[in-house]
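Notes to accompany the following structure.
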Amino acid sequence: MKQIIIFIVGPTSSGKSRVAASLARKINGEVVSCDSMQVYRDMDIVTRPPEKDLLEMAAHHLVRIISPEEEFSAALFVERAKTAIIDIFADKNTPIITGGTGLYMKALIDGIFEAPPKNEILRKELEDLAEEKGRHALYKRLKEIDPETADRLHPNDIYRIIRAIEVYSLTGETIAEKRKGTEGIFGEYDCRLFGLEIPRDILCSRIENNVDKMFEEGLVKEVERINKLKLSLTAKKALGIKEITAFLRGEISQTKAKEELKKNTRRYAKRQLTWFRGDERVMWIDGDRSVEDIVKEIELRTTN
RNA sequence: GGCGCGGUGGCCGAGAAGCUAGGCAGCGGUCUGCAAAAUCGCGUACACCGGUGCGAAUCCGGUCCGCGCCU
């Protein structure tokens, strides 16, 4: 019989962390965070890692493990998450993977193909080419080497077009080919995916409250502090940095910065929903009720 | 009460007889090494009622509402 892994997904502010920690305590589980930003240390107001009481409730993995100056990626996540899962099973506990980073989740569950990491020189070259001759020139190039992937991408999606060309240039194998042979942990374990569903208006008001709280806790000071670091490209993308930096530069008012952050967080939540809604394997459960009730339902649905 | 100006999709805003401005917000989607990112798609609205035109958001008359000035 396969070992069970529980996944809890949902948009930001849906209460995943609390549910995960409570569930972990109840069933001898350990939480593995699947979050591209909570891996970073020293920026707790921006990334909002699980609160202290939750960390005390159960063991947590992949939370606050690297410096904001370090780069992170889906592939690095998968590597570390797999290690964590093995360790947890070794302790005879149940892994509870929780988080809102859809790509990381998918990479772990369905696999991520073996390929070298980004190559700055090559990327610069391709970016320059796009600058000079336009995005369509790059798209055309991809179409020649990997028509299958090109068909799946929009000609303006320069970001992925570059990666696709990069992978081919570095390995001589196209993404389309590589994808065929990759598998994640889905077949290896009995994966149970749960999604916390919350009415959009309630979710939005929670998001707004959270942003207000972040300001009260000293968001501005924190961003001022971390801006002195050489933030990695990954860490730099955390919500709040762009907005507060604009305020610190005097480009916008603090009120405006707050509004922008709320808006961008709402949009982020929407994109997360789009991501998880598309996965047929996710069992959606009502997230707008007490943590105990939610935990109970997950437990019930996991045991049979 | 009289005169004038104006009422355009959730908001802002152009157009002044035929050629569905645009922006913002919102909604939906895509996603394989920066993903809290990047990227794509989606709205025929012109206050109301009549009239004149082949044709009216655009012209005419009236009604209502808002603003301003006058008595």
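The values are calculated or read from the model by the stated rules, or taken from the named source; none is laboratory data. On a predicted model such as this, the values are computed, not experimentally measured, just so you know. A quick note on method: Cβ atoms are made from the backbone with ideal geometry, for glycine too, and the neighbour counts reach across all protein chains shown.
It is to be established whether one or more residues within segment A:38-47 are among the acidic types (Asp, Glu) and crowded, with 20+ Cβ neighbours inside 10 Å. Looking for residues that are among the acidic types (Asp, Glu) and crowded, with 20+ Cβ neighbours inside 10 Å, one finds none in segment A:38-47, hence no. A single entry from A:Asp87, A:Asp44, A:Asp35 fulfils the requirement of being under 19 Å from the mean Cα position of the chain (by Cα), acidic (Asp, Glu) and over 22 Å from A:Lys270 (Cβ atoms): A:Asp44. Residue-level check: of (1) in contact with a Phe, Trp or Tyr (Cβ under 7 Å, 6 or more places away or on another chain); (2) more than 9 Å from RNA strand B (Cβ to nearest atom), A:Glu132 misses just (1).
A Cβ distance below 8 Å, combined with a sequence gap of six or more or placement on separate chains, defines the contacts here; from segment A:267-278, residues that are more than 6 Å from RNA strand B (Cβ to nearest atom) reach residues that are β-branched (Val, Ile, Thr) and assigned to a helix (DSSP H, G or I) in the pairs A:Ala269/A:Ile207. Quick check on segment A:67-77: of everything there that is in contact with a Leu (Cβ under 9 Å, 6 or more places away or on another chain) and surrounded by fewer than 21 Cβ atoms within 10 Å (Cβ to Cβ), which residue is nearest to A:Arg277 (Cα to Cα)? Within segment A:67-77, the match that is nearest to A:Arg277 (Cα to Cα) is A:Ala74. Going residue by residue through segment A:256-267, is there one that turns out to be at pLDDT below 95 and either over 20 Å from A:Thr12 (Cβ atoms) or surrounded by fewer than 15 Cβ atoms within 10 Å (Cβ to Cβ) (or both)? Yes - at least one qualifying residue is present in segment A:256-267.
Taking the criterion of being near RNA strand B (Cβ under 8 Å from one of its atoms), closer than 17 Å to A:Arg163 by Cβ and either touching a helix residue (DSSP H, G or I) at 6+ places or on another chain (Cβ under 9 Å) or in contact (Cβ under 8 Å) with a residue 60 or more places away in the chain (or both), the residues of segment A:64-101 that qualify are A:Glu71, A:Phe72, A:Ser73, A:Ala74, A:Ala75, A:Phe77. Take the conditions (1) modelled with pLDDT of 95 or more; (2) within 14 Å of RNA strand B (Cβ to nearest atom); A:Glu173 misses just one of them, which is (1). Restricting the search to helices (runs of 4 or more DSSP H) fully inside segment A:2-64 and requiring at least 1 residues that are closer than 22 Å to A:Gly195 by Cβ, touching a Leu at 6+ places or on another chain (Cβ under 8 Å) and at pLDDT 95 or above gives A:16-27. Report whether or not A:Leu219 is more than 14 Å from RNA strand B (Cβ to nearest atom) and of a type in the set (A, V, I, L, M, F, W, C). Criteria not met by A:Leu219. Residues in segment A:49-63 that are over 17 Å from the mean Cα position of the chain (by Cα) and within 16 Å of RNA strand B (Cβ to nearest atom) were compared, and the one that is surrounded by the most Cβ atoms within 10 Å (Cβ to Cβ) is A:Leu54.
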